[in-house]
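Q: Got a structure here, written out as structure tokens. Questions coming.
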Amino acid sequence: MTFAATVLTLYPEMFPGPLGTSLAGRALGNAWSLDTRNIRDFATDKHRSVDDTPAGGGAGMVLKPDVLAAALDSVSDGRPMLAMTPRGRPLAQARIRDLAVGPGAIFLCGRFEGLDERIFEARDLEPVSIGDYVLSGGELGAMVILDACVRLLPGVMGAASSGEEESFDEGLLEYPHYTRPVTWEGRTIPEVLRSGDHARIAAWRHEQAIRDTRLRRPDLTLRHGGAKQAPPSGAHDDNEG
Ligand code: SAH
């Protein structure tokens, strides 16, 4: 079974773009398929308009719900429907893993000021964000999510095990990696990694993962208890899955 991706966009020429190269590109047509549809093809007026001015005033244009619904309805088949929006829940690796074992996904890419709010409920869309910054369109976000999913599909990554034990899987960042030369610009690969002692290496890596997560991503440490810290009561909103 292959992972079927459908992307609804005003700029279908952006695809497959970077997804046509390297691992994802080689697997395209085998482990996964990509179908892009131009939202403009679902416009009904003679100007083929897809957007209109925001109700209540303000700058920019909003994508029309009737046009978006027609586009969604033309491809909807039970696959998860993800609407790209900075107002969505930031996507994490756990959701990527869920998606990757499913039948695929339909991505709705916004542009301009975004999507008419009514479409989310009317078509049961999952509002997803790729992070706390604003892009000019949802296409790069959809590509980011697809890249993350496709590399997990069976047969896509060279060594099957390189998809295991990665950053975020235990609520921790991955441990740091090193490769030859052993000494480079006066910096030497940690001795433990050259010891051949697999138990010591595993313990060291786990320690490093905890240390780096504490330093760089205290939010992950808190959320998953990776470093055994009790979350301060009421200090965060744990709405994970
Ligand atoms: N006015 C909106 C931003 C619109 S950006 C706001 O302030 O919330 C235009 C489109 O880019 C959005 O409709 C969405 O599809 C996409 N986009 C922008 N930032 C994104 C993000 N962080 N994650 C996912 N999609 C994003």
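Q: For the chain, take the longest principal axis of its alpha carbons; what is the angle in degrees between that and the long axis of helix 139-150, to the nearest 10 within 0 to 90?
A: Between the helix axis and the principal axis of the chain, the angle is about 50 degrees.
Q: Here's another thing I want to ask about it. Can you give the charge dipole size of the chain about its Cα centre, rounded to the nearest 20 debye, using +1 on the beta carbon of Lys and Arg and -1 on the beta carbon of Asp and Glu?
A: Working: 26 positive and 34 negative charges, 126 e Å.
With only Lys, Arg, Asp and Glu charged at Cβ, the dipole is about 600 debye.
Q: Report the rotationally averaged projected area of the stretch 108-174 based on its alpha-carbon convex hull, in square nanometres.
A: For the stretch 108-174, the mean projected area of the Cα convex hull comes to 6.3 nm².
Q: Can I ask one more? I need Arg180, Arg200, Arg123 ordered by Cβ neighbour count within 10 Å, fewest first.
A: Arg180, Arg200, Arg123
Q: In whole Å, largest first, what are the principal axis extents of the Cα atoms in the chain?
A: The Cα atoms of the chain stretch 72, 46, 36 Å along their principal axes.
Q: Tell me the label-point distance for the pair Leu215, Val192, using the 7 Å Cα-to-Cβ offset, in nm and rounded to one decimal.
A: 1.4 nm
Q: Taking amide H positions as placed 1.01 Å from N in the peptide plane, with prolines and chain starts having none, which residues 5 or more places from Ala105, or on another chain, fall under 5 Å of its amide H?
A: Counting only residues 5 or more places away or on other chains, the set is Ala4, Ala5, Thr6.
Q: Right, next: If you rank Met157, Met14 by fewest surrounding Cβ atoms within 10 Å, what's the result?
A: Fewest to most other Cβ atoms nearby, the residues stand as Met157, Met14.
Q: Using the 10 angstrom Cβ neighbour count as an exposure proxy, how do Arg95, Arg79, Arg118 rank, fewest first? Intermediate results must be reported in sequence, preceding the final value.
A: Values: Arg95 20, Arg79 17, Arg118 12.
Placing the least packed residue first, the sequence is Arg118, Arg79, Arg95.
Q: Which is farthest toward the positive dipole end of the chain among Trp184, Leu72, Val156, measuring Cα position about the Cα centre, with Cβ charges +1 (Lys, Arg) and -1 (Asp, Glu)?
A: Comparing the listed Cα positions along the dipole, Trp184 ranks first.
No lab work stands behind these numbers, since they all come straight from the coordinates. What you are looking at is a predicted structure, and each value in this text was computed from that prediction instead of being measured. Please note: Cβ atoms are built from the backbone with ideal geometry, for glycine as well, and neighbour counts cover all protein chains shown.
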